[in-house]
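The values are calculated or read from the model by the stated rules, or taken from the named source; none is laboratory data. No experiment lies behind these values; they were computed from the predicted model shown. Heads up, the Cβs are rebuilt from the backbone with ideal geometry, glycines too, and the neighbour counts pull from every protein chain shown.
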Amino acid sequence: MKKLTIALVLCLLGVGGYICIKKCNTEKMEAYLMVYHKDGDHGLHMAISHDGYQFTALNDDKPVIAGDTIAMQKGIRDPHILRAPDGTFYMAMTDLHIFGQRMGYRSTQWDRDGVKYGWGNNQGLVLMRSTDLINWTRTNLDFHKLLGGEWLDAGCIWAPELCYDKEKGKVFMHFTSRKENGSCRIFYVYMNEDFTAMEGEPKVLFESPNNEYSVIDSDILYHDGVYHLHFVSHEGTATIKHATSTSITGPYIADNNYYDGEKTQHEAPNCWKRIGEDTWVVMFDNYHIRPNNFGFTETKDFVHYTPIGYFDEGKMTRTNFSQQKHGAIIHITKKEAETLENYWKK
């Protein structure tokens with residue numbers, strides 16, 4: 001494990017001074033933190049909202065952590081963030097730079113043969129842990145070196161997401177993978193206490209019938225005794241679907257009720273709750289439109305869904321960023337939001 005100290009971050013990003021966030025688990029959640037990446041820099045970005053509708057990027061939409069400082073491939077994608085019950089923050093990201101050859105990080109389009117292993121083939125993830133959203137420790141997971149065996153034939157390790165299993169008291173990670181250039185499936189694994197290693201070998205969490213087509217980009221939310229899995233199905237045009245289970249490890253049964261109104265290809269669902277309301281939002285990345293943008297749909301019962309448009313075309317707005325990719329949102333306290341805003345202003 002490598003520790004990403006604040007001094008290193010300040011040196012890499014060219015800023016000085018910091019204010020630590022005081023952890024206080026009894027404070028009310030009154031704001032939202034969104035993490036995302038951008039194809040233009042393959043770095044980690046953050047944005048804050050105080051009402052769940054208008055978001056403002058920190059650091060003037062420059063990376064808060066540069067991808068070439070933390071990833072084996074010198075770039076990250078698909079960041080996801082979790083707030084655990086004790087107030088600790090966990091992040092997981094795809095270790096992949098899709099323009100690595102153009103940037104001079106490698107001599108070939110992909111690390112391995114593109115015909116055998118497919119688009120974007122990569123071998124690992126970036127894990128980070130923090131108590132204040134500013135100072136982070138880091139671990140790089142290289143699945144080939146750590147697991148060997150059949151994982152030597154893994155064509156990708158994509159889109160990790162994190163949940164907290166209260167029954168086991170452990171962080172639960174799920175992600176997309178495939179054998180060589182075959183159909184993608186969703187896998188899961190429990191993480192150790194320090195968030196530096198996997199506890200055992202990943203197992204299949206969800207797949208298409210007979211693994212005939214790819215399912216990717218899993219997102220799990222727990223509510224009222226039910227685990228809600230939103231995922232992307234490639235049965236036809238890439239589209240988001242919904243499944244449920246009474247166990248975090250499944251089996252998950254598709255309910256076919258989810259409908260977000262999108263007719264073009266989209267991915268990266270992330271479901272989050274509006275603070276103080278019995279309303280949940282499914283946010284997604286429409287990579288097929290230009291410029292790409294996030295779309296949103298709301299539900300109160302996970303049966304009926306109401307599309308509410310894209311950023312800047314409906315209720316949801318941005319103040320200083322665009323072309324964000326594959327985002328995730330958590331609740332934070334008002335103090336945490338203000339501390340982050342003041343820190344990045346400096």
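Could you please give the count of residues in segment 261-287 that are basic (K, R), at pLDDT 95 or above and more than 22 Å from Y36 (Cα to Cα)? Walk me through how you get there before you give the answer.
Looking only at segment 261-287, we keep the residues that are basic (K, R), and these are 263, 273-274.
In the following step, the residues that additionally are at pLDDT 95 or above were identified as 273-274.
With the extra rule that they be more than 22 Å from Y36 (Cα to Cα), the set shrinks to none.
Number satisfying all stated conditions: 0.
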- Identity of the residue in segment 234-260, over 22 Å from A92 (Cα atoms) and assigned to a strand (DSSP E or B), that ends up modelled with the lowest pLDDT: A254
- Query: Does V204 satisfy being in contact with a strand residue (DSSP E or B) (Cβ under 6 Å, 6 or more places away or on another chain), surrounded by fewer than 22 Cβ atoms within 10 Å (Cβ to Cβ) and assigned to a strand (DSSP E or B)?
  - Reply: yes
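What number of residues within segment 163-183 satisfy the criterion of being over 16 Å from D95 (Cα atoms) and within 17 Å of the chain's Cα centre (by Cα)?
4
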- Note on the structure: Here the qualifying pairs (Cβ atoms under 7 Å; residues six or more apart or on different chains; first in segment 301-315 and within 23 Å of Y227 (Cβ to Cβ); second part of a loop (DSSP other than H, G, I, E, B) and of a type in the set (D, E)) come out as Y305/D260
- Item | Pairs with Cβ under 7 Å, 6+ apart, first in segment 26-39 and of a type in the set (G, A, S), second in a loop (DSSP other than H, G, I, E, B) | A31/H50
- Query: Of the conditions (1) of a type outside the set (F, W, Y); (2) out of contact with any Leu (no Cβ under 8 Å at 6 or more places or on another chain); (3) surrounded by fewer than 19 Cβ atoms within 10 Å (Cβ to Cβ); (4) within 27 Å of I76 (Cβ to Cβ), T279 fails just one. Which one is it?
  - Reply: (4)
- Considering only residues that are part of a loop (DSSP other than H, G, I, E, B) and touching a helix residue (DSSP H, G or I) at 6+ places or on another chain (Cβ under 8 Å), look in segment 39-68 and name the one that is nearest to G276 (Cα to Cα). H50
- Query: Tell me, which residue of segment 184-201 that is among the β-branched types (V, I, T) and either outside any loop (DSSP other than H, G, I, E, B) or under 15 Å from E235 (Cα atoms) (or both) is nearest to the chain's Cα centre (by Cα)?
  - Reply: I186
- Message: Every residue in segment 265-295 that is in contact with a Ser or Thr (Cβ under 6 Å, 6 or more places away or on another chain) and in a strand (DSSP E or B), please.
- Response: W280, V282
- Test for Y252: is it touching a residue at least 40 places away in the same chain (Cβ under 8 Å), over 20 Å from the mean Cα position of the chain (by Cα) and over 18 Å from L162 (Cβ atoms): no
- Count of segment 108-152 residues which are under 22 Å from E199 (Cβ atoms) and not in a loop (DSSP other than H, G, I, E, B): 23
- Out of E338, E313, report the one residue that is farther than 28 Å from K203 by Cα and not in a loop (DSSP other than H, G, I, E, B). E338
